[in-house]
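Encoded as structure tokens, the structure appears first; notes follow it.
Coordinate-derived values only; no laboratory data. Note that the structure is predicted; figures quoted are calculated from it, not measured. Don't worry about glycine lacking a Cβ; one is built from the backbone with ideal geometry, like all the others, and counts go over all protein chains shown.
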Amino acid sequence: MTNLKKISQIEELITILKSNGNFLLISFDKTTHQNLEKLRKELKASGTVIKVLKNTLFEKTINKLAIENKNILEFKKSFLPLKNTTALVTFSQDWSTGLNVLAKFMKAEKTLGFKAAILDNEKYDQVAVKRIAELPGKNQLTAQIIASLKNPSQRFVGALRFNMNKFVYVLTQKTKL
């Protein structure tokens, strides 16, 4: 006979994964409870939620979701069964900010590690997730693109003004004599 508590936990995980299409699995083998709570607070500020999992319950959840979703089925084939302690990180629509916060925290806390992720309906292994996490956020990239588009025009205007400014400087020095 199955335990009703476990069935409710599986249903809760199904609801979480269906409502948040972007999720990440991390390992936290020897991380202290205080550090996990600190991480939880930092992630909450960016609209990201972390939940500690039982690997078997997560695998059962994935098995149920894999029937309906081919991305989940591919994820299941690639990354299950899970080993060691696992936490589920679910992102809001903008997953880049939460992932950046997590990556910064992981640099300080070496006991955390990436396992696998589904971001924008694409599955990623731990190496790919780590590379994505090191990239700047969407807002920062947008600002860099705007700055790079603005920079050539500013340099052109500066080049046009240079000779005129130098001429005015020479004239002002000449009048002081």
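Observations on the model:
- Based on every Cα atom in the stretch 41-146, Rg and the maximum pairwise Cα distance Dmax equal 14.6, 47 Å.
- Residues of the stretch 81-95 falling in the label zone of Lys38, defined by backbone nitrogen less than 14 Å from a point 7 Å along Cα to beta-carbon, are absent.
- Exceeding the 25 Å Cα-Cα cut-off - candidates Lys51/Lys110; Lys5/Lys51; Lys76/Lys110; Lys5/Lys107: Lys76/Lys110; Lys5/Lys107
- Relative contact order (percent, whole number), the chain, Cα cutoff 8 Å, 6+ residue spacing: 28 percent
- Residues of the stretch 1-44 with amide N under 11 Å of a point placed 7 Å along Cα→Cβ from Thr56: 3
- Descending Cα extents along the principal axes, the chain, whole Å: 102, 36, 24
- Phi-derived couplings, Karplus 6.51 cos²θ - 1.76 cosθ + 1.60 at θ = phi - 60°, listed residue by residue for the stretch 94-99: 8, 7, 5, 5, x, 5 Hz, with x used for Gly and Pro.
- Selection among Leu65, Gln173, Leu160 by position relative to the dipole of the chain gives Gln173 as farthest towards the positive end (Cβ unit charges, Cα centre).
- Basic side chains Lys and Arg get +1 at the Cβ, acidic Asp and Glu get -1 at the Cβ, and with that the dipole of the stretch 4-135 about its Cα centre reaches some 380 debye.
- FRET efficiency for Lys130 and Val49, using Cβ-Cβ distance with R0 set to 22 Å, rounded to 0.05: 0.60
- Model label points for Glu68 and Asn139, set 7 angstrom from Cα along the Cα-to-Cβ axis, are 3.3 nm apart.
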